[in-house]
Amino acid sequence: MTLNVSDLESIVVEAGTRPDAVKDPEVRRAIEETIDRLDRGEIRVAEKVDGEWKVNSWMQQAIAQYFRIPPMATIPSGTFEYHDKLPLKRDLARQGIRMVPGGIIRYGAHLEAGVVVMPGFINIGAYVGSGTLVDTWATVGSCGQVGRNVHLAGGAGIGGVLEPAGSKPVIVEDNVFIGSRCILVEGVLVEEGAVLAANVSLTGSTHIIDVTKEEPITYKGRVPPRSIVVPGTRSRKFPGGEFQIACALIIGERSARTEGKVSLMEAAREFGVSL
């Protein structure tokens, strides 16, 4: 009998109270079915409900518990060989996923049809929307949520998070451009249409300062929609003196005429942004 989502959640949450729970066949079945549904995109670690992002913490628990089930195994891949606990994602052609040699997608991640993966890495629990490009050496960590028509430029890092359960993963909404070598870690939300210039680094506590008004406005953990963001610094006093620490600066907003990928470059030139 197929378990419904409520059944899966109840079993996984209860299993978290017992160290040896994965030895129970019912628990193993629930965990494995949860990962399989994540892989197929039937469920997501985080989803937008009534305009707010909600984290399904029990799915994070299921992923953490799943690592205790498969044994280490040799995974052949042409002339390459891997040695790991988790299998690689299979049947990419049927799912409409394009991945060039050198790319890696772990089982338990879901990519919609139309995603292109260069030699990047996508971890278990991640979700990537249609039309998105994961460029060379870009990574999407465990449970990272990436929307549709996003460009993750070369070396961009979308951080992962599994523990503690309930921690908010990095969420990148639709039509966002993440520049080369950008780093986004736990708790960061990049809202629709935003552009992050090369080398922007954001954590949940990084000051993201809108400097386009007479008075600066500071955000933390959230890039407002359509914002154009560049690396910056701000002064902070310490016992040993006053120093500059990293922040991010919102220097403008994308206009309606820069919606497409080609005109995105026009927007970048207009604001002097390196992508």
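Every number here is computed from the coordinates shown, using simple stated rules; none is lab data. Predicted model only: the values in this text are computed from it and were never measured. Neighbour counts are summed over all protein chains in view; Cβ atoms, including those assigned to glycine, are modelled from backbone coordinates with ideal geometry.
The table that follows gives values for the structure above.
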read-out: Karplus 3J(HN,Hα) series, Hz, for region 95-105 with 6.51 cos²θ - 1.76 cosθ + 1.60 (x for Gly, Pro); value: 7, x, 9, 9, 9, 7, x, x, x, 9, 10
read-out: Label-point separation in nm, Val49 to Glu163, each point 7 Å along Cα→Cβ; value: 2.6
read-out: For Thr203, Thr17, order by how many other beta-carbon atoms lie within 10 Å, fewest first; value: Thr17, Thr203
read-out: Virtual spin-label span in nm between Asn199 and Leu92, 7 Å along Cα→Cβ; value: 3.2
read-out: Whole-Hz couplings from phi, Karplus 6.51/-1.76/1.60, listed for region 78-91; x for Gly and Pro; value: x, 7, 9, 9, 10, 9, 7, 8, 9, x, 8, 5, 10, 6
read-out: Neighbour-count order for Asp7, Asp20, fewest beta carbons within 10 angstrom listed first; value: Asp20, Asp7
read-out: Where GluC sites (Glu not before Pro) fall in DSSP loop in region 184-260, at most 12 other Cβ within 10 Å; value: Glu214
read-out: Share antiparallel - DSSP beta bridges, the chain, percent rounded to 5; value: 45
read-out: Region 5-66, relative contact order [Cα under 8 Å, separation at least 6], %; value: 35
read-out: ³J(HN,Hα) computed for each position of region 224-236 - Karplus, 6.51 cos²θ - 1.76 cosθ + 1.60, integer Hz, glycine/proline x; value: x, x, 6, 5, 9, 10, 10, x, x, 9, 9, 7, 8
read-out: Gyration tensor over alpha-carbon atoms, the chain, equivalent ellipsoid semi-axes in Å; value: 35, 22, 17
read-out: Cα-centre dipole for region 5-66 with unit charges at Cβ (Lys and Arg positive, Asp and Glu negative), debye to 20; value: 160
read-out: Neighbourhood charge, 12 Å Cβ-Cβ cut-off, centred on Phe243 and excluding it, Lys, Arg +1 and Asp, Glu -1; value: +2
read-out: Nearest 10 degrees, 0 to 90: helix 5-15 Cα axis against the chain principal axis; value: 80
read-out: Set of lysines near Lys213 by C-alpha distance (under 28 Å), chain-local residues within fewer than 8 positions excluded; value: Lys237, Lys261
read-out: Rounded to the nearest 20 debye, dipole of the chain from Cβ charges on Lys, Arg, Asp, Glu; value: 540
read-out: Fewest-first sequence of Cys182, Cys247, Cys143 by Cβ atoms within 10 Å of each Cβ; value: Cys247, Cys182, Cys143
